[in-house]
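Engineer: Please find one structure pasted underneath; my questions will follow.
Every number in this text was worked out from the coordinates using simple rules, so none of it is lab data. No experiment lies behind these values; they were computed from the predicted model shown. Quick reminder, even Gly has a Cβ in these numbers, built from the backbone with ideal geometry, and neighbours come from all protein chains shown.
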Amino acid sequence: MTARPSYSRIRTALQAIAEHSDLELQLVVAASALLDRYGNAIQSIERDGFPIAARVYMVLEGENLVTSAKSTGIGLVGAGDGVRQHQARCRRDGRRSIRDAGHRGRRVA
């Protein structure tokens, strides 16, 4: 999730995922959703009881096409780090990771 308005739109879906016995919610919060000046969504997410699996800080000042492109690149690197951390937690806990869930042995992430 990358913005506070996104959280209000997907909160019901997050609740359904969290309550589903065959699913595990892995919420990654990024970009302006982490920043106070845009309404920091973290407080609402935690107040609603959703665990945050990873935080990806990726917003560069400037608010133009160049900084937007750079912010996207930083976000992709941060997402990769989040997947790596998730896989390590799964191995430690003896669970299947995103990579292990790939169809016919192919990698999903």
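Engineer: Charges on Cβ only, +1 for Lys and Arg, -1 for Asp and Glu, centred on the Cα centroid of the chain; of ILE42, SER32, ALA53, which one is farthest towards the dipole's positive end?
Structural biologist: ALA53
Engineer: So which GluC sites (Glu not before Pro) in region 15-47 pass both tests, a DSSP loop state and at most 14 other Cβ atoms within 10 Å of the Cβ?
Structural biologist: GLU24
Engineer: Using the 10 angstrom Cβ neighbour count as an exposure proxy, how do THR2, THR12, THR67 rank, fewest first?
Structural biologist: THR12, THR67, THR2
Engineer: Multiply the residue separation of SER8 and SER44 by 0.36 nm, subtract the distance between their alpha-carbon atoms, and state the gained length in nm to one decimal.
Structural biologist: Gain on stretching SER8 to SER44: 12.0 nm.
Engineer: Normalising by the residue count of the chain, find the relative contact order in percent from Cα pairs under 8 Å and 6+ residues apart.
Structural biologist: So the answer I get is 19 percent.
Engineer: What is the helix-to-structure angle for 65-93, meaning the angle in degrees between its Cα long axis and the longest Cα principal axis of the chain, kept from 0 to 90 and rounded to the nearest 10?
Structural biologist: Relative to the chain, helix 65-93 is tipped by roughly 30 degrees.
Engineer: I need the phi-derived Karplus couplings for region 9-23: 6.51 cos²θ - 1.76 cosθ + 1.60, θ = phi - 60°, integer Hz, Gly and Pro marked x.
Structural biologist: Values, residue by residue: 6, 10, 4, 5, 5, 4, 4, 5, 5, 4, 8, 6, 5, 9, 10 Hz.
Engineer: Using modelled backbone amide H atoms (1.01 Å from N, in-plane), which distant-in-sequence or interchain residues come within less than 5 Å of ASN40's amide H?
Structural biologist: LEU35
Engineer: Here's another thing I want to ask about it. Tell me which residues come under 5 Å, amide H to amide H, from ALA30 once H is placed; ignore anything under 5 positions away on its chain.
Structural biologist: Distant-sequence amide H within range of ALA30: THR2, VAL56.
Engineer: Please compute the net charge surrounding VAL59, taking Lys and Arg as +1 and Asp and Glu as -1 over other residues with Cβ under 14 Å from its Cβ.
Structural biologist: +1
Engineer: What percentage of all Cα-Cα pairs in the chain are separated by more than 21 Å?
Structural biologist: When all Cα pairs of the chain are counted, 45 percent exceed 21 Å.
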